[in-house]
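The values are calculated or read from the model by the stated rules, or taken from the named source; none is laboratory data. Everything quoted here is computed from the prediction, not taken from an experiment. We place every Cβ from the backbone using ideal geometry, glycine too, and count neighbours over all the protein chains shown.
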Amino acid sequence: MEAALFHEHPVLAIDVGAHSVKCAIGVRVEETGVIDVIAASMSPTDGMVDGRVVNGAALSAVIQLCVDRVVGMAMCVPREALLCTSGYHCFSLDAQTQLSVREGQVSHAHVLQLVEAVAATAGAGVNPGGYRLTHVVPQRFTLDQQRHTLSPVGQPAAHVTLNAHLFYADVALYEDLWALRGTITVGNAELGGRRPLPLVDVLNAALPLGEGAHREGEPEQTLALIDIGAAMTKMLIFEGGRPIYVKHMAQGGDHVTRELQSDLGAGRLEDAERIKGELKSLRAHASGDKIPVWTGGDTDVRYKRPEAVARVIERVLTQQLSAVRVRLQKDNAWSYAQGGVLLTGGTAATVDVKQLASDVLQTRVQLGAPAQGGVSDLVRAPQYAAVNGLLLAALRRRSDEWFACWGRPLRAVPPPSARPAPPSAPPPPSLWRRALEVLFPPHAL
């Protein structure tokens, strides 16, 4: 078992959403480079309200439950974990800085100096008491104002300029999430007992979403993504897998459910959620049996035609998607979406939402799914986009390209986590030792 663990180096990804916590364990086969998800699980979120941690113990218990379930499915112990959250209280800024290269060749130290300078410059106008810089994501480097590159190390230049995307988050939110690193454990008696699980990083979901949607072999690809979660809608533009535009809108699938509950007179929010899931089509001529709506007790029920339910869902989603288009146009980012949009998040699983989004946005719309080969079907669904991207980033060490700096000094790109070497074969016994074993066999003692 241990040799297999050392060989495959399993990693755990945790996506903390407003409605659900999703966990997945993945491995990368060193010989082939193939990445596979060997287990995935989901549990209802507890301990968070409006994007804030209100009960750390409850949130920790839910995450622990989800982790135990996915570890039991995989029957292996992950070496490390990464966590992401959509984050109500996050925003981003663009920044730029320049540095002279005295040695004539860009080094790793130059890159770190640029990152530190751009973080210090951009952070001057941010309230340090309310928000903290969590990640600096280099967009592109310009060498001597002529060439653009994503990795300038080793290239000759007199001056190098860095364009970066900076992520800020509410201090309390990220400190509460980072505090989870000391509470999560993994393992059981069959797997050698329990032990603490190292939490490597806490990310805004925009970073892993870009990783999950990025297509291998197309490093300069520009990609527009709309992630409609339970409580938040994120508008994201990626270039080469790196975010160049991030906006959050405080509406999502919950808003659709609440409007459905109000218009249909459903007694509980859970009933409205069930009705939304039972609908077979969003078309005005939606057909099928009438849908029961419980308005009070178990016997107080009325029946609604499918087209009445469809009209409510279509109206609310149309409003949300129209607001997304207006926001992109206002920010001069609409041109990026005209080539097509990927739709992710739990609401992307709503029936006929792909065609509705295409009609409202007037562009080609595809449901987001892992673009990379070798990824298990366990996470090939829009609602698993963030946790899948987090897993891919961890196993490819792409997360090393995100400069994290909350709660600790701005650091260098971290080296790969120390992996224990597979147990090597013991050295052959000496000639003298073998002679003694012939004269005095161990079984004779």
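Give me the pairs: first residue in region 213-235 and at pLDDT 75 or above, second residue basic (K, R) and surrounded by fewer than 18 Cβ atoms within 10 Å (Cβ to Cβ), beta-carbon distance under 9 Å, and six or more apart or on different chains, which are they? Close Cβ pairs satisfying both conditions: L223/R215; M235/R327. Where strands (runs of 3 or more DSSP E) fall entirely within region 1-76, those with at least 2 residues that are touching a Gly at 6+ places or on another chain (Cβ under 8 Å) and modelled with pLDDT under 90 are at 35-44.
Could you go through region 254-274 and let me know if any residue there is out of contact with any Ser or Thr (no Cβ under 7 Å at 6 or more places or on another chain) and not in a helix (DSSP H, G or I). Taking every residue of region 254-274 in turn, at least one turns out to be out of contact with any Ser or Thr (no Cβ under 7 Å at 6 or more places or on another chain) and not in a helix (DSSP H, G or I).
When the residues of region 342-381 are filtered to those that are outside any loop (DSSP other than H, G, I, E, B) and in contact with a Ser or Thr (Cβ under 6 Å, 6 or more places away or on another chain), the one that is farthest from R315 (Cα to Cα) is V365. Tell me whether region 92-113 contains one or more residues that are part of a helix (DSSP H, G or I), assigned by TED's automatic domain parsing to the domain that holds F141 and either surrounded by 19 or more Cβ atoms within 10 Å (Cβ to Cβ) or at pLDDT 90 or above (or both). Yes; the residues of region 92-113 include at least one that is part of a helix (DSSP H, G or I), assigned by TED's automatic domain parsing to the domain that holds F141 and either surrounded by 19 or more Cβ atoms within 10 Å (Cβ to Cβ) or at pLDDT 90 or above (or both).
Without any contact (Cβ under 8 Å) to a residue 40 or more places away in the chain and out of contact with any Leu (no Cβ under 8 Å at 6 or more places or on another chain), is that true of V326? Against the criterion (without any contact (Cβ under 8 Å) to a residue 40 or more places away in the chain and out of contact with any Leu (no Cβ under 8 Å at 6 or more places or on another chain)), V326 qualifies. Take V202 and decide whether it is under 17 Å from A386 (Cβ atoms) and either in a strand (DSSP E or B) or not β-branched (V, I, T) (or both). Yes; evaluated as a whole, the condition is true for this residue.
No other residue among L133, L166, L209 is at pLDDT below 85 and not in a loop (DSSP other than H, G, I, E, B) apart from L133. Among the conditions (1) farther than 29 Å from V49 by Cβ; (2) aliphatic (A, V, I, L, M); (3) at pLDDT 85 or above; (4) exposed (fewer than 15 other Cβ atoms within 10 Å of the Cβ), A172 misses just one, which is (1).
Each row is one residue, and each column tells you yes or no for (1) more than 23 Å from A81 (Cβ to Cβ); (2) crowded, with 21+ Cβ neighbours inside 10 Å.
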| site | (1), (2) |
| --- | --- |
| T142 | yes, no |
| R147 | yes, no |
| H159 | yes, no |
| A164 | yes, yes |
| R194 | no, no |
| D201 | no, yes |
| N204 | no, yes |
| D227 | no, yes |
| G240 | yes, no |
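When K247 is tested against (1) more than 30 Å from C90 (Cα to Cα); (2) assigned to a strand (DSSP E or B); (3) at pLDDT 80 or above; (4) not small (G, A, S), only condition (1) is not met.
Beta carbons closer than 6 Å, at least 6 apart along the sequence or on distinct chains, never pair a first residue in region 98-120 that is more than 18 Å from H148 (Cα to Cα) with a second that is assigned to a helix (DSSP H, G or I) and not small (G, A, S). The residue list M48, M42, M73 contains one member that is within 16 Å of V387 (Cα to Cα) and among the aliphatic types (A, V, I, L, M), which is M42. The set of residues in region 327-357 being within 17 Å of S86 (Cβ to Cβ), modelled with pLDDT under 90 and surrounded by fewer than 19 Cβ atoms within 10 Å (Cβ to Cβ) consists of A349 alone. Scanning region 173-191 for residues that are under 18 Å from D46 (Cα atoms) and more than 20 Å from the chain's Cα centre (by Cα) yields a single hit, T183.
Per the listing V312, V324, V316, the residue uniquely β-branched (V, I, T), under 29 Å from V171 (Cα atoms), at pLDDT 80 or above and not in a loop (DSSP other than H, G, I, E, B) is V324. Annotation for region 430-444: no member residue is more than 18 Å from the chain's Cα centre (by Cα), modelled with pLDDT of 80 or more and loosely packed, with under 13 Cβ neighbours inside 10 Å.
Every residue, every condition in (1) modelled with pLDDT of 85 or more; (2) surrounded by 17 or more Cβ atoms within 10 Å (Cβ to Cβ); (3) under 16 Å from the mean Cα position of the chain (by Cα), yes or no:
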site	(1), (2), (3)
V365	yes, yes, no
G373	no, no, no
Y384	yes, yes, yes
L390	yes, yes, yes
